[in-house]
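Presented below is the structure to which this report refers.
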Amino acid sequence: MSGRVGLSTWFPDRPPTWGDVSMIGVGLVLLLTNVPLRRPLSWQAVGVGFVAVLLALGPGANTGLAASLGRWFRGIGIDGRMAVILLYCCALALLFAFVPLRLAFLMHAFLGGILANTLYAVAYVVWARVGRGWRVDQADTD
């Protein structure tokens, strides 16, 4: 192993799906509808959200821990997934109730995460089309 990190470390080893492509549109809509127009952005918070999501989508998603968590999450079934998501939401509600957090910082970090997700989806689709010869399979269009 050469120790070099290529784009294959950042992107899935499969062609993009329509879900991947649609994330670009969803991200753009979320960004355009949530950018505060009357107050300045906290670029520090945007940067924190951007870097955190970008690392989670790229190299973080390709670790052994992420693979084992993905297998576990798929293995617990739909009811188990709903329970995990509900527990996550409850934990966030408790966090917001008992820990004083600046809501503006969190909202701006959210925008940074959405920006990272949108740019990641754009880069993945472009990389798959240009770098890997992504083509529409004729059998899928019939």
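Observations
- Any hit, region 58-75, residues being modelled with pLDDT of 90 or more and under 24 Å from Gly25 (Cβ atoms): no
- Residue in region 88-95 that is touching a residue at least 40 places away in the same chain (Cβ under 8 Å) and either closer than 16 Å to Thr9 by Cβ or exposed (fewer than 15 other Cβ atoms within 10 Å of the Cβ) (or both) present: no
- Residue in region 96-106 that is surrounded by the fewest Cβ atoms within 10 Å (Cβ to Cβ), counting only those that are of a type outside the set (D, E, K, R) and free of Cβ contacts under 8 Å to residues at least 12 places away in the same chain: Pro100
- Within the option set Val99, Val48, Val35, being at pLDDT 85 or above and out of contact with any Cys (no Cβ under 6 Å at 6 or more places or on another chain) holds for one residue only, Val48.
- Inter-residue pairs, beta-carbon under 6 Å, first more than 16 Å from Leu103 (Cα to Cα) and in region 14-42, second in a loop (DSSP other than H, G, I, E, B), 6+ apart: Pro15/Trp134
- Candidates Ala52, Ala45 - the one that is in contact (Cβ under 8 Å) with a residue 40 or more places away in the chain, among the small types (Gly, Ala, Ser) and touching a Phe, Trp or Tyr at 6+ places or on another chain (Cβ under 7 Å): Ala45
The values are calculated or read from the model by the stated rules, or taken from the named source; none is laboratory data. A quick note: this is a predicted structure, and the numbers were derived from the prediction, not measured. A quick note on method: Cβ atoms are made from the backbone with ideal geometry, for glycine too, and the neighbour counts reach across all protein chains shown.
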